[in-house]
1. Consider residue 41 against the criteria (1) exposed (fewer than 13 other Cβ atoms within 10 Å of the Cβ); (2) at pLDDT 90 or above; (3) closer than 21 Å to residue 145 by Cα: it satisfies all of them except one. Which criterion is unmet?
2. Report whether or not residue 68 is in contact (Cβ under 8 Å) with a residue 24 or more places away in the chain, surrounded by fewer than 20 Cβ atoms within 10 Å (Cβ to Cβ) and closer than 20 Å to residue 33 by Cα.
3. With the checklist (1) assigned to a helix (DSSP H, G or I); (2) farther than 20 Å from residue 92 by Cα; (3) in contact with a helix residue (DSSP H, G or I) (Cβ under 8 Å, 6 or more places away or on another chain) in hand, flag the one item residue 158 doesn't pass.
4. For the range 140-172, which residues satisfy the criterion of being modelled with pLDDT of 90 or more and over 17 Å from residue 102 (Cβ atoms)?
5. It is to be established whether one or more residues within the range 77-90 are farther than 21 Å from residue 179 by Cβ and in a helix (DSSP H, G or I).
6. Can you tell me which residue within the range 101-144, out of those that are in contact (Cβ under 8 Å) with a residue 12 or more places away in the chain and not in a helix (DSSP H, G or I), is surrounded by the fewest Cβ atoms within 10 Å (Cβ to Cβ)?
7. Pairs needed: first member in the range 11-27, surrounded by 13 or more Cβ atoms within 10 Å (Cβ to Cβ); second member anywhere, modelled with pLDDT of 75 or more and in a helix (DSSP H, G or I); C-beta distance under 8 Å; at least 6 residues apart or different chains.
C-alpha cells in the first residue's frame, strides 16, 4: 500500500508540474508552423538522438494524457517524414498506452478482478473470446479518448499481449492521418481541418466492421 501511494504521489507531482509549465502555450499549431524549419534542421543534424527524444516525449504525453499529442504527431511527420514519423509515434504511443495500462492494473485492476471474480466471470469470459475485437474497434474510432481506453483495459482481465497488438494495429490508421498531414505541413491551415466528416465516418465504419464477427456469433448462438 505504501509503495502504491509513493508511486501515485510521484506521478501526480509529475503531471501537475508539467501542467504548470509553459509547455501548453508552446506546443501549439501556430508555434509549430513558425518553428518547423528550425526544428527540422536540428533533427537532421542529430537524427538518432532526436528520434529517441521524440519517442520519450510521445510516451510521456500519451501516458499522462497531456494535451499536445496531435501537434507532436504533426511535428513528427514534418521532421521525420511519413515512415519515420509514423514508426516513432506508434512506438511512443504504445509505450505510453502500456504504462497507463499497467498503472491502472497495478493500482486497481488486479484488486477488482480478485474481489469481484464471481460477478465479473461472464464479463471476463466475453473479453477472453472477443476482447481483441472490442479493443480494435475502440482504437480505430478516433472519437474514443486514447487515455481512457488504456485505463479501462487495465481495469479488466484482458491480457497485455492482446492489449499490445491491438493498440499497435489500431492506432496506425489514425496516426497515419496526422503524420501524413505533418509531412505536408505547409498545406495545412489548422488542426481541425485535418479530419473531415467523411474521414471520420470511414473510421467509424472500419471500427464497426471489427464487431461483425461478435454480432454474427451472438446471432448464431441465439438461434
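1. With respect to (1) exposed (fewer than 13 other Cβ atoms within 10 Å of the Cβ); (2) at pLDDT 90 or above; (3) closer than 21 Å to residue 145 by Cα, residue 41 is out only on (3).
2. On the way: in contact (Cβ under 8 Å) with a residue 24 or more places away in the chain: yes; surrounded by fewer than 20 Cβ atoms within 10 Å (Cβ to Cβ): yes; closer than 20 Å to residue 33 by Cα: yes.
Yes, satisfied.
3. (1)
4. Within the range 140-172, 169, 170, 171, 172 qualify.
5. Narrowing the range 77-90 to residues farther than 21 Å from residue 179 by Cβ: none.
Looking for residues that are farther than 21 Å from residue 179 by Cβ and in a helix (DSSP H, G or I), one finds none in the range 77-90, hence no.
6. Among them, the one singled out is 143.
7. 11/103; 18/60; 27/71; 27/72
The values are calculated or read from the model by the stated rules, or taken from the named source; none is laboratory data. Everything quoted here is computed from the prediction, not taken from an experiment. Note that we place each Cβ from the backbone using ideal geometry, even for glycine, and neighbour counts take in every protein chain shown.
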